[in-house]
Every structure is written in C-alpha cells, then in structure tokens.
Amino acid sequence: MKNMGVNILGFLGLFNKEYTVQYQVIERDEVVDTDRLNIKASDHTAARKKADTMLRKQFGRTQYKIEWVQRF
C-alpha cells in the first residue's frame, strides 16, 4: 500500500509546470535590482504564492515587488 501512495504523489507531480517570475528589489522607493525566479507549480496563482513566500523570506514584506508570472 505504501508504494501506491508514492506512485500517486509522483503522478501528481507531473502536473506541475514551470513558471518564470520577474520581481524588483526596492530600497528607499527606488528599484535597485530586477531578477527572475524559475518555479514549478500547478498553476499561475500557485507559482505567484511560492515566489511570494520565497521572496518574503529573503527580502522582507515590503522590499520587493512581483512584476509578472509567465509560463514557459
């Protein structure tokens, strides 16, 4: 029964798509850097949420801005 659970999780992983998220780093109301992240997620909203979580850990709540999310 354990093997079946692993297979189902692996199968669900096949539905993830790769998204590119472009963001800006902001200091003193000025854009100091623009960069991109590649994220695997099930959809556009999930990719934005994952990027937001990663960026919040790295830069804090107000020091970055997600410009766009695009699937490639």
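What follows draws every value from the coordinates through simple rules; no lab data is involved. Not measured: the values here are computed from a predicted model. We place every Cβ from the backbone using ideal geometry, glycine too, and count neighbours over all the protein chains shown.
Tabulated data
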quantity: Chain lengthening between residue 22 and residue 57 when straightened (0.36 nm per residue, less Cα-Cα); calculated: 11.0 nm
quantity: Backbone HN-Hα couplings from phi across region 27-33 [Karplus 6.51/-1.76/1.60, Hz, Gly and Pro as x]; calculated: 10, 6, 6, 10, 6, 9, 7
quantity: Reach of residue 65 by Cα under 23 Å, taken over lysines that are not fewer than 8 positions away in the same chain; calculated: 17, 40, 49, 50, 57
quantity: Environment charge of residue 32, counting only residues whose C-beta is closer than 15 Å and scoring Lys/Arg +1, Asp/Glu -1; calculated: -4
